[in-house]
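Let me give you the structure first, and then I'll get to my questions.
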Amino acid sequence: MKIVVIGPVYPYRGGIAQYTGLMSQNLARDHQVVNVSFCLQYPKLLYKNEQKDFANDTFKAPDARYWINTVNPFSWISAARRVNALEPELVIVQWWHPFFAPAYWSILKMLKRRIKVIFCCHNVLPHEGFPCKKLLSRMVLRQGDGFIVQSAQDERDLRSLVRAEHIRRVVHPTYNAFRLRGMSRAQAREQLGLGADEEILLFFGFIRSYKGLKHLLRAMPAILAARPKAHLLVVGEFFEGDKQDYLDLIGQTGIPQEALTIVDGYLPDREVEPYFAASDVVVLPYESATQSGIVQIAYGFEKPVVATAVGGLPEVVLDGVTGFVTPPGDDEALGAAVVRFFAEDKAETFREGIRKEAYKYSWDRMNETVEGLKGTI
């Protein structure tokens with residue numbers, strides 16, 4: 001097939017851009033793929049942080065065209081005309097936030113009727129508030145002929161918005177592209193200045209309230225009481241103005257300085273590997289979620305996960321197989337699961353579980369899903 005994939009790609013940073021790049025790379029093994037991305041994704045007025053990362057082109061998409069300015073309607077008209085001129089059989093749209101609704105709706109409305117449209121839904125509805133989010137999401141998603149969702153929660157949200165016959169639910173594929181150097185646990189710890197005998201917990205990614213870092217911080221005193229060699233790595237970019245709240249909480253809980261490392265700021269892709277390679281377990285204490293690319297980065301390093309039972313996380317973190325799942329907002333249960341992981345020496349058991357589940361998390365399976373869905377619409 002000739003396929004156009006619409007969404008952010010390198011050099012845009014973040015999980016959606018990485019996902020889009022990997023999806024396109026894998027589809028391009030069997031199909032002709034063109035990526036249509038953004039010449040402007042977010043205006044500076046709405047997003048002040050750096051939006052691009054040129055340091056690592058591992059996620060670079062094949063044949064990328066930067067045609068869409070999300071706040072310039074003339075670019076939407078031009079992008080639609082250019083997509084039509086490519087004569088694709090299929091357009092795959094990455095969907096995760098209603099901010100993109102006006103641009104996407106306009107472009108899709110102008111496509112030739114014979115072109116089929118599949119939405120790849122990362123979040124049918126956003127985690128945080130947004131004006132008219134259901135109305136805008138419904139308006140755009142109605143333009144789809146088929147849908148790929150990655151959690152039961154997203155499927156429920158989708159069905160609440162549109163009457164969709166052709167939905168395929170698959171788990172989020174693994175991000176193994178971060179293993180650039182094949183670092184061993186010992187090499188990574190030496191680089192980061194961590195002890196060989198420390199028990200390393202990793203919280204990774206953009207730090208937002210719904211991701212529940214506060215619960216993990218509150219659980220740390222109990223974890224340290226049972227596992228004195230525990231050490232928490234917090235690696236990610238704090239939301240504007242929130243960092244001091246977390247520092248205050250750390251002071252209140254009395255977590256020793258030597259048991260906590262904070263790496264504040266966006267981490268370029270080439271710098272991710274040491275943190276996962278050095279860790280024993282990745283912790284996602286989320287209060288809400290649909291799915292998370294962090295789990296799939298962890299699995300790319302064969303690292304077990306302790307996560308909360310929200311959204312699609314229990315569908316990818318199999319309790320007792322690839323990690324532990326705890327109730328959301330329960331600091332005591334979260335801490336107990338981490339302690340149990342180390343006390344029962346579950347690392348190798350869970351790594352074996354991750355290996356056995358590997359095909360379910362493969363991009364081959366995603367390709368089969370796209371091809372099968374195209375055949376039904």
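The values are calculated or read from the model by the stated rules, or taken from the named source; none is laboratory data. Since this is a predicted model, take the numbers as computed values, not measurements. With ideal geometry, Cβ positions are generated from the backbone for all residues, glycine too; neighbour counts draw on all protein chains shown.
Which one of Ala336, Ala298 is crowded, with 17+ Cβ neighbours inside 10 Å, out of contact with any strand residue (DSSP E or B) (no Cβ under 6 Å at 6 or more places or on another chain), in a helix (DSSP H, G or I) and assigned by TED's automatic domain parsing to the domain that holds Ile207?
Values: Ala298 fails: out of contact with any strand residue (DSSP E or B) (no Cβ under 6 Å at 6 or more places or on another chain).
Sole residue among the options that is crowded, with 17+ Cβ neighbours inside 10 Å, out of contact with any strand residue (DSSP E or B) (no Cβ under 6 Å at 6 or more places or on another chain), in a helix (DSSP H, G or I) and assigned by TED's automatic domain parsing to the domain that holds Ile207: Ala336.
Further question on the same structure: Could you list, in sequence order, the residues of region 92-120 that are of a type outside the set (Ser, Thr, Tyr) and in contact (Cβ under 8 Å) with a residue 40 or more places away in the chain?
The initial filter retains those residues of region 92-120 that are of a type outside the set (Ser, Thr, Tyr), namely 92-103, 105, 107-120.
Across region 92-120, the qualifying residues are Ile92, Val93, Gln94, Trp95, Trp96, Pro98, Phe99, Phe100, Ile107, Lys116, Ile118, Cys120.
Please state which one of His127, His97 is out of contact with any Lys or Arg (no Cβ under 8 Å at 6 or more places or on another chain), within 20 Å of Ser160 (Cα to Cα) and not hydroxyl-bearing (Ser, Thr, Tyr). Break it down stepwise before answering.
Details: His127 fails: out of contact with any Lys or Arg (no Cβ under 8 Å at 6 or more places or on another chain).
Of the residues listed, the single one that is out of contact with any Lys or Arg (no Cβ under 8 Å at 6 or more places or on another chain), within 20 Å of Ser160 (Cα to Cα) and not hydroxyl-bearing (Ser, Thr, Tyr) is His97.
Residues of region 290-320 being touching a residue at least 24 places away in the same chain (Cβ under 8 Å) and on the phi > 0 side of the Ramachandran plot, which ones?
Glu302, Gly311
Could you run through region 30-59 and say how many residues are more than 25 Å from Phe99 (Cα to Cα), touching a residue at least 40 places away in the same chain (Cβ under 8 Å) and either of a type in the set (Lys, Arg) or in contact with a Pro (Cβ under 6 Å, 6 or more places away or on another chain) (or both)? Working first, answer last.
The first filter runs over region 30-59 and keeps only residues more than 25 Å from Phe99 (Cα to Cα), leaving 30-33, 55-58.
Cutting the leftovers down to touching a residue at least 40 places away in the same chain (Cβ under 8 Å) gives us 30, 55-58.
Now restrict to residues that are either of a type in the set (Lys, Arg) or in contact with a Pro (Cβ under 6 Å, 6 or more places away or on another chain) (or both): 55.
Looking only at that region, the number is 1.
Then there is this: If we only count strands (runs of 3 or more DSSP E) wholly inside region 171-275, which ones have 1 or more residues that are within 25 Å of Leu318 (Cα to Cα), at pLDDT 95 or above and not aliphatic (A, V, I, L, M)?
On the way: elements: 199-204, 230-236, 260-264.
Strands (runs of 3 or more DSSP E) meeting the threshold: 199-204, 230-236.
I would also like to ask the following. Among the residues of region 331-370, which ones are free of Cβ contacts under 8 Å to residues at least 60 places away in the same chain and among the acidic types (Asp, Glu)?
Glu344, Asp345, Glu348, Glu352, Glu357, Glu368
Can you name the residue in region 13-48 that is polar (S, T, N, Q) and out of contact with any Asp or Glu (no Cβ under 7 Å at 6 or more places or on another chain) and, of all such residues, is farthest from Ile294 (Cα to Cα)? So that I can check it myself, show each step before the final result.
Restricting attention to region 13-48, the residues satisfying the condition of being polar (S, T, N, Q) are 18, 20, 24-26, 32, 35, 37, 41.
So of that shortlist, the ones also out of contact with any Asp or Glu (no Cβ under 7 Å at 6 or more places or on another chain) come out as 18, 20, 24-26, 32, 37, 41.
Working: Gln18: 12, Thr20: 15, Ser24: 20, Gln25: 20, Asn26: 20, Gln32: 29, Ser37: 23, Gln41: 23 Å.
Looking at the filtered set, the residue picked out is Gln32.
Which ones in region 85-133 are under 24 Å from Gly14 (Cβ atoms) and among the basic types (Lys, Arg)?
Listed by number, the list holds a single entry, Lys133.
Restricting the search to region 183-239, which residues are touching a strand residue (DSSP E or B) at 6+ places or on another chain (Cβ under 9 Å) and hydroxyl-bearing (Ser, Thr, Tyr)?
Within region 183-239, no residue meets the criteria.
Looking only at region 143-165, count how many residues are surrounded by fewer than 17 Cβ atoms within 10 Å (Cβ to Cβ) and in contact with a helix residue (DSSP H, G or I) (Cβ under 8 Å, 6 or more places away or on another chain). Step through it out loud before you land on a result.
Of the residues in region 143-165, the ones surrounded by fewer than 17 Cβ atoms within 10 Å (Cβ to Cβ) are 152, 156, 159-160, 163, 165.
Subset that is in contact with a helix residue (DSSP H, G or I) (Cβ under 8 Å, 6 or more places away or on another chain): 152.
Of the residues in region 143-165, 1 are surrounded by fewer than 17 Cβ atoms within 10 Å (Cβ to Cβ) and in contact with a helix residue (DSSP H, G or I) (Cβ under 8 Å, 6 or more places away or on another chain).
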